[in-house]
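Notes follow the structure.
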Amino acid sequence: MISVEVADSLLDLVGNTPMVRLGRVGADLACDLIAKVELFNPGGSVKDRPAIAMIDAAEREGLLQPGGTIVEPTSGNTGVGLAIVAAHRGYRCIFVMSDKMSDEKVALLRAYGAEVVVCPTAVPPEHPDSYYSVADRLTRETPGAFRPDQYSNPNNPAEHARSTGPEIWRQTDGRVTHFVAGVGTGGTITGVARYLKEQNPAVQIVGADPEGSVFSGGTGRPYLVEGVGEDFWPTTYDPALVDRVVKVSDAESFAAARRVTREEGLLIGGSGGTAVHAALVVGRDLGPDAIVVVLLPDSGRGYLSKVFNDEWMRRFGFLESDGPCAGHVMEAKRAAAAGDEDPIPDLVIVTPNEPARRGVELMHEHGVSQVIVAVTNELPLASKEVSGTLSELQLMDKAFRDPGVLDRPVAEVMEPPMPMVGIGETVTDVVEALDLGPSVLVLDGGHPVGVLTRQDVLSFLAARAGAAR
């Protein structure tokens, strides 16, 4: 009789993922830095684990019937896990995603036969267009629908306490001293922490959180890293089990993801970069007896058009081109205004609900011909929070035809947002963007930091020409 090793289903291959030492990235640390590599799950991420657990529980409890529909808001990975389960068990899937997710993620879910609904990022959770609200509505309107709700489903952290935590304990022979993971639903970090602390209460649990997310003290305002951080507190997250939360910027996340990929040959996503950066921060203060386990939730294959695309990274101000760039023009503009008694702010902002008259007041107050329209005037602003432009010329034309326009909300009279360029894009890129409008918005690390006009570029070029003579 021939002995074979064959799984009965792809679902049987979830879990028991390997661990690997990050020897190059962690070379300057005295401690051991070890990665739990969840991209080896069949669906390519850690989310395969709770996806199966939540559907198993729903079937046991009669919440999901044969031929039913799974509806879930997702950053992509949970959707893939649920889609794999649905394919094996004959369910339909509808997934709701925010518009910051990569095209690859949307395409991947559709490849599994799922329907995907994309919603705006820059709205609060209670807004009818938020991806939470849309998922609620679709669940109500779809016959036979079941929403796993990974943000409140106790089977999410329970599965990590059952599988992920014990695997880490076994694979490190019980010597793990620190566990680092990104916090999204909170299921992974809560479940793993619950198990590890039962084995050894001294194990330190560290959450890695995007700058702007609520877990590290933010308000949930938009950031570019995907699949981690939140704008509300999920019930699947138990903060009492987390000893420390490290705040990580988009720039730090993306730089770490690219570094791990190039130095370790391990292609990871932006949220994996968030966790690695946090692990390096923690590891700096540890000695040789410490073992830091960092969970890498997925592969970087879903981010090739973003984190690993130099053009995208430059456009959002994460990389700098060779030669003169937008940042140099910004520096020259600021230097020229340094002696002014009342310098113009880098960003003049009006919110969509204010009357258009307020925009006119700001233009006169600061001596500018246009202002940025954004959902908030709190800095630092995120690129997703910019919703339009209010310009003197267009507003004058509208007011001439209808004087009452000045008392209408800015949202009703604004124009599209001005073109955006990264702080590291070339002056040529800036000039090309200025062909689309009288000014451009400059981004640094995904955050608008200033406005450049044709006059700013001309002044910069004239100064360079004069210095070259």
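Just so it is clear, none of the values below were taken in a lab; they were calculated from the coordinates. As the structure is a prediction and not an experimental result, all values here were calculated from the model. Don't worry about glycine lacking a Cβ; one is built from the backbone with ideal geometry, like all the others, and counts go over all protein chains shown.
Things worth noting here:
- Distance in nm between pseudo-label sites at Ala463 and Arg110 (7 Å out along the Cβ direction from Cα): 4.7 nm
- Residues Phe40, Phe146, arranged from fewest to most other Cβ atoms within 10 angstrom of their Cβ, appear as Phe40, Phe146.
- Applying a DSSP loop filter and a limit of 11 other Cβ atoms within 10 Å to the GluC sites (Glu not before Pro) in the stretch 1-107 leaves Glu5, Glu61.
- Helix 131-141 and the longest principal axis of the C-alpha atoms of the chain enclose an angle of approximately 60°.
- Taking packing as the residue-averaged number of other Cβ atoms within 10 angstrom, the listed peptides 374-384, 419-429 run from highest to lowest as 419-429, 374-384.
- Acute angle (nearest 10 degrees) that the helix 48-60 long axis makes with the longest principal axis of the chain, alpha-carbon atoms: 60 degrees
- Loop-located trypsin sites (Lys or Arg not before Pro) in the stretch 1-64, at most 15 other Cβ atoms within 10 Å (DSSP): Arg24
- Degrees between helix 250-264 axis and first principal axis of the chain (Cα, 0 to 90, nearest 10): 50 degrees
- Sorted on the mean count of surrounding Cβ atoms within 10 Å across their residues, most packed first, peptides 438-445, 10-17 read 438-445, 10-17.
- Cross-link reach list, lysines versus Lys100, counting only Cα pairs under 18 Å and skipping chain neighbours closer than eight places: Lys306, Lys384
- Applying D = kT/(6 pi eta Rh) to the chain, where Rh is the Kirkwood radius over alpha-carbon pairs, T corresponds to 4 °C and eta to 1.567 mPa s, the Stokes-Einstein value obtained is 54 µm²/s.
- Cut-off 13 Å between beta-carbons: net charge of the residues surrounding Ser152, Lys and Arg +1, Asp and Glu -1: -4
- Spherically averaged projected area of the stretch 48-146 from its Cα convex hull (nm²): 5.9 nm²
- Reported to the nearest whole Å, the Cα centre-to-centre distance from the stretch 89-128 to the stretch 352-377 is 34.
- Tyr303, Tyr237 arranged by Cβ crowding within 10 Å, fewest neighbours leading: Tyr237, Tyr303
- A compact globular protein would have a Cα radius of gyration near 2.2 N^0.38 Å; the ratio found for the stretch 371-469 is 1.26.
- Taking each DSSP H run with n ≥ 4 as -39500 (n - 2.57) and averaging over every residue of the chain yields -10500 deg cm²/dmol at 222 nm.
- Fewest-first ranking of His447, His127, His328, using other Cβ atoms within 10 Å as the exposure measure: His127, His328, His447
- GluC sites (Glu not before Pro) restricted to the stretch 116-220 and DSSP loop, no more than 10 other C-beta within 10 Å: Glu126
- Shape call, the stretch 1-61: gyration tensor on alpha carbons, a/c limit 1.5: oblate
- Kirkwood-based shape ratio for the stretch 329-371, expressed as Rg/Rh from alpha carbons: 1.05
- Proximal lysines relative to Lys197, as straight alpha-carbon distance under 26 Å, when same-chain residues fewer than 8 apart are discounted: Lys36, Lys47, Lys247
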